[in-house]
Amino acid sequence: MSTLSRSTGRRKESIARVQLIAGTGKRTVNGKPFAEYFPTPTLLMLIDQPLVLVEQADKWDVVATAKSGGLSGQAGAIRLGIARQLDKIDHDLFHTPLRKTGCLTRDSRAVERKKYGRRGARARFQFSKR
């Protein structure tokens, strides 16, 4: 089954558009293979989690476009996009395992903004009595 629809994933400041195409398990992001784009095995494992979980890793080619944020945020966004795309393909079969492992949940955590009069979001300048 081939699909032409896209799913969007977001994490921190990153946005990823993911397309699954029936194939042999080839994975590209921004025109590069995943292994070349993401330097650590942890990020590669995170991205592959939804496909491995539903035992579809070698049945779909993943074409992703990621922008903004850092590599960790982009990896999380691609993971969510893949999970959403799998859910679209076969909701009855894939939804429950993906939901139970948290692959379909959008991680809403983002960096807290810096406040005025402070060094960062919560850190204060060092106090001196003199």
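Read the figures in this text as sums done on the coordinates, not as results from a lab. Note that the structure is predicted; figures quoted are calculated from it, not measured. Cβ sites come from the backbone with ideal geometry, for glycine too, and all protein chains shown count toward neighbours.
Side notes on the structure shown:
- Within the stretch 74-109, the only residue that satisfies the criterion of being touching a residue at least 60 places away in the same chain (Cβ under 8 Å) and over 22 Å from F34 (Cβ atoms) is R109.
- In the stretch 110-123, the residues that are touching a residue at least 12 places away in the same chain (Cβ under 8 Å) reach residues that are assigned to a loop (DSSP other than H, G, I, E, B) with C-beta atoms within less than 9 angstrom, at least six apart or across chains, in these pairs: A110/K12; A110/E13; V111/K12; V111/E13; V111/A121.
- Failed item, numbered, when C103 is tested on (1) out of contact with any helix residue (DSSP H, G or I) (no Cβ under 9 Å at 6 or more places or on another chain); (2) over 14 Å from L20 (Cα atoms): (1)
- At least 2 residues being crowded, with 18+ Cβ neighbours inside 10 Å and among the β-branched types (V, I, T) is the threshold, and among the helices (runs of 4 or more DSSP H) wholly inside the stretch 18-93 those reaching it are 71-89.
- The residues on offer are R27, R11, and the sole one that is at negative phi and touching a residue at least 40 places away in the same chain (Cβ under 8 Å) is R11.
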